[in-house]
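*Asks:* Dropping the structure in here first, questions after.
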Amino acid sequence: MSTYFPSGLGLADNRKWFVVDAAGQTVGRLATEVARILTGKNNPQWTPFMDMGDHVIVINARKAVFKGSKAEQKVYRHHTLYPGGLREISVQDQFAKHPERVIELAVRGMLPKNKLGKAMGKKLKVYADADHPHTAQKPQTLDIITAHSEKA
């Protein structure tokens, strides 16, 4: 009796494409489920050191929501690498200018911080509105329903 072990050949050919609608979803709960699909942890053949995940298209990023005080208090920071170059942008301003970046940052923060995580992050496509240019890939719609979103 032998244990099944994936070889890694043909992984890119067998990847599926999923569409997730972010309208009305909480950003963090949406990001955990999307990160789970990107890493491949929903796949029975998941292996920690291989990129077993699928492609994910997130639409309606503009309509995602933050719960609690995050909508007023959350701040994104980055440094320009110049002296005194720490820049801050509130989540309301980020949603107004680039709503897709909010989802991307939330999901990429949940991926591994190495080469494998970067490869997983490249399979994420986020769009602010409902239209996307990936219809040729024939993506399947994926309903992400969490226990808290059913109550709300």
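Values quoted throughout were computed directly from the atomic coordinates according to the rules given, and no laboratory measurement underlies them. No experiment lies behind these values; they were computed from the predicted model shown. Quick reminder, even Gly has a Cβ in these numbers, built from the backbone with ideal geometry, and neighbours come from all protein chains shown.
*Asks:* Take the range 25-42 and flag every residue that is in a loop (DSSP other than H, G, I, E, B) and either under 12 Å from the mean Cα position of the chain (by Cα) or surrounded by fewer than 17 Cβ atoms within 10 Å (Cβ to Cβ) (or both). Walk me through it before giving the result.
*Replies:* Looking only at the range 25-42, we keep the residues that are in a loop (DSSP other than H, G, I, E, B), and these are 25, 40-42.
Hits for the range 25-42 are Lys41, Asn42.
*Asks:* Hey, another quick one. More than 30 Å from Pro6 (Cα to Cα), assigned to a helix (DSSP H, G or I) and among the β-branched types (Val, Ile, Thr), is that true of Ile103? If you could, list the steps in order and put the result at the bottom.
*Replies:* Values: more than 30 Å from Pro6 (Cα to Cα): yes; assigned to a helix (DSSP H, G or I): yes; among the β-branched types (Val, Ile, Thr): yes.
So Ile103 fits the description; yes.
*Asks:* Next question. Exactly one of these conditions fails for Tyr76: (1) assigned to a loop (DSSP other than H, G, I, E, B); (2) without any contact (Cβ under 8 Å) to a residue 40 or more places away in the chain; (3) not hydrophobic (A, V, I, L, M, F, W, C). Give me its number.
*Replies:* (1)
*Asks:* Among the small types (Gly, Ala, Ser), surrounded by fewer than 18 Cβ atoms within 10 Å (Cβ to Cβ) and under 21 Å from the mean Cα position of the chain (by Cα): which single residue out of Ala12, Ala22 fits that description? Walk me through how you get there before you give the answer.
*Replies:* Details: Ala22 fails: surrounded by fewer than 18 Cβ atoms within 10 Å (Cβ to Cβ).
The conditions single out Ala12.
*Asks:* When you go through (1) part of a helix (DSSP H, G or I); (2) over 25 Å from Asp13 (Cβ atoms); (3) of a type outside the set (Gly, Ala, Ser) one by one for Asp129, which number turns out not to apply?
*Replies:* (1)
*Asks:* So which residues in the range 106-127 are loosely packed, with under 14 Cβ neighbours inside 10 Å and closer than 15 Å to Val75 by Cβ, if there are any at all? I'd like the intermediate steps shown before the answer.
*Replies:* Let us first name the residues in the range 106-127 that are loosely packed, with under 14 Cβ neighbours inside 10 Å, namely 109, 113-115, 118, 122.
The one that is loosely packed, with under 14 Cβ neighbours inside 10 Å and closer than 15 Å to Val75 by Cβ: Gly109.
*Asks:* When the range 15-33 is examined, which residues are found to be more than 16 Å from Pro99 (Cα to Cα) and either in contact with a strand residue (DSSP E or B) (Cβ under 9 Å, 6 or more places away or on another chain) or not charged (D, E, K, R) (or both)? Even if it seems obvious, please write down each step before you answer.
*Replies:* Of the range 15-33, the ones more than 16 Å from Pro99 (Cα to Cα) are 15-19, 29, 32-33.
Selection gives Arg15, Lys16, Trp17, Phe18, Val19, Thr32, Glu33.
*Asks:* So the check is Cβ under 8 Å with 6+ separation or different chains; which pairs have a first residue in the range 61-73 that's touching a residue at least 24 places away in the same chain (Cβ under 8 Å) and a second one that's among the charged types (D, E, K, R)?
*Replies:* Filtered contacts from the range 61-73: Ala61/Glu100; Arg62/Asp129; Phe66/Lys74.
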